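Trainee: My structure is below; once you've seen it, I'll send some questions.
Where a number appears in this text, it was derived from the coordinates with a stated rule and is not lab data. None of these values were measured; they are calculated from a predicted model. A quick note on method: Cβ atoms are made from the backbone with ideal geometry, for glycine too, and the neighbour counts reach across all protein chains shown.
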């Protein structure tokens, strides 16, 4: 059974454009439970947590603490993606068996990574996600990407400490 979440407004898959990403700054805040924590600057300043899944693939989660706080999840790869810059594709998220659908918009990130990230207008979603075991992301026509969320709750506490210092 699929639970439909309005990801068009609640979480829109987009990605950092090379020009937008270049305007961002990243300063390592620390590490926790296999995640690196970074303070970010630029238009979407805040903190993010990043884990390399392989030497070519990186998963990120973060919260932008502006007046309308929002969170995001991101997946980037150096191996290239099937979605081009500006293209949209349907995506299925499975979080420990609970499923959500949304649209992905592809773009290219700096340092040779391509991928996308989903904005979530309710940061509580990120806190709940951190308590789960597995996130599976399946783009339409693509293979599922299974991500362990082990250690994510501890890393999120470090991310919150980073946010408090921003």
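Trainee: What's the center-to-center distance, using Cα atoms, between segment 146-166 and segment 70-138 in Å?
Mentor: 17 Å
Trainee: D for segment 27-166, whole µm²/s, Stokes-Einstein with Kirkwood Rh over alpha-carbon pairs at 25 °C and 0.890 mPa s: what number?
Mentor: Result for D is 160 µm²/s.
Trainee: Kindly put 64, 146 in sequence by how many other C-beta atoms sit within 10 Å of each C-beta, fewest to most.
Mentor: Ascending Cβ contact count within 10 Å gives the list 146, 64.
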